[in-house]
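**Student:** Sharing a structure here in structure tokens format.
The values are calculated or read from the model by the stated rules, or taken from the named source; none is laboratory data. If you're wondering where the values come from, they're calculated on a predicted model, not measured in any experiment. Glycine also receives a Cβ, built like all others from the backbone with ideal geometry; neighbour counts cover every protein chain displayed. To get the accessible areas, we keep the full protein, side chains included, count just its heavy atoms, and leave off ligands, DNA and RNA. Shrake-Rupley method; radii C 1.70, N 1.55, O 1.52, S 1.80 Å.
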Amino acid sequence: MHHTKILLFSSFCNPSLQNFGSSALSRVKINHSKNIRGVHLRPYHYRQSCISFTSTRLHTKISMSDSTKNITDIRKQKQLLRKQIRSRIRSVYPSPSSSTSDDDINAAKMRLTSQSNQVFDQLFKLPQYEAASSIGFFLSMPFGEIQTRDAIQRMVNEDGKTLYVPRVGMNFELCDMDLVRCDSNCDSSNLEGKLFYDWPSNKWNIPEPPTTNSNVATPGDIDLLIVPGLAFDCNLHRLGQGKGYYDRFIAKMNAATDTEKKMLLVGVCLEEQFLKDGTIPISDHDFIMDMVLTPSEKF
């Protein structure tokens, strides 16, 4: 009889044995109270306790399922948004390898240069920029992204900022990134328009600091980080390219840094990359910018 009661207890806890347990209960008559490990329970308490336990487990599974579903939904929304933004950028800023006419390509280059200069004109006027001794910056892709050549020239040659630029390296599967300290004498010919842009390029045709430069930024080294992105919105949310380089770098730099020394995050983008009416979905690991600069506005 002792083993029969254990079977009944298990059947209530396991939904797959629920029918079997109910059938067994109808055949077994338990009219007396039992004391299990000092707890006085009547027969119906077995059912109530097990149902409560099963409900708790079920609630946990549902919560985990909802969380997983939410993460999947956000990922799909981001993928769709990236596709839309990339299509928009290609239509406005075609690459020279496309079938677009030379006149249209030249007009796109002029528009890209003009928008880029407007963004950095705003940056240079910020008191946060003036107060920053060290800047984390990026070397731009040749097309479809805000251009940084002119801004780099000013930061290094005129404003005397200590500059850190990204190095991803050759193992792109790691999706990891360092920012390396550079100056006007750092492995560059420093010819007009060539500062840092004569370095070897990575798979995205972006120049990177040579591996001989081992002066990698550590927490507290960078005062202001200028962050590129595929898109930004009014909530200061950022949509990256999908590899997580900047989110990982920011997390690494800020994790071991006092609050007052955390990097100021300034997102920069073209007009076509800013969502005035839309919202970028974000996950827990996504960092929100402190400020976003477009050619015409500051958010």
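**Student:** W204: net charge of surrounding residues, Cβ under 13 Å, Lys/Arg +1, Asp/Glu -1, itself excluded?
**Tutor:** Within the 13 Å Cβ shell, the charges total +1.
**Student:** Counting only heavy atoms of the protein chains, get the accessible area per residue of the stretch 69-128 (1.4 Å probe) and round it to a whole Å² value. Provide the component values of the computation, followed by the final result.
**Tutor:** Working: 3940 Å² over 60 residues.
On a per-residue basis, the stretch 69-128 sits at 66 Å².
**Student:** Work out from phi, with θ = phi - 60° and the Karplus expression 6.51 cos²θ - 1.76 cosθ + 1.60, the ³J(HN,Hα) of each residue of the stretch 131-145, listed in order in whole Hz, and give x for Gly and Pro.
**Tutor:** 7, 6, 8, 10, 10, x, 10, 10, 8, 7, 5, x, 9, x, 8
**Student:** Would you please put 148-159, 229-240, 118-129 in order of how densely packed they are, using the mean number of other Cβ atoms within 10 angstrom per residue and starting with the highest?
**Tutor:** Details: 148-159: 17.7, 229-240: 20.2, 118-129: 16.0.
So the peptides 148-159, 229-240, 118-129, ranked by packing, come out 229-240, 148-159, 118-129.
**Student:** What distance in nm separates the two pseudo spin-label positions at E297 and D103, each 7 Å out from Cα along the beta-carbon direction?
**Tutor:** Going by the 7 Å Cα→Cβ label model, 3.4 nm.
**Student:** What nm value, rounded to one decimal, do you get for the distance between W204 and A255 when each label is placed 7 Å out toward the C-beta?
**Tutor:** Spacing of the two 7 Å Cα→Cβ label points: 2.2 nm.
**Student:** Estimate the FRET efficiency between R90 and R248 by the formula 1/(1 + (r/R0)^6), using the beta-carbon distance for r and 35 Å for R0, to the nearest 0.05.
**Tutor:** 0.80
**Student:** Which FRET efficiency, nearest 0.05, do R75 and E158 yield, Cβ-Cβ r, R0 35 Å? Walk me through the numbers on the way to the answer.
**Tutor:** Details: r = 43 Å, r/R0 = 1.22.
Calculated value: 0.25.
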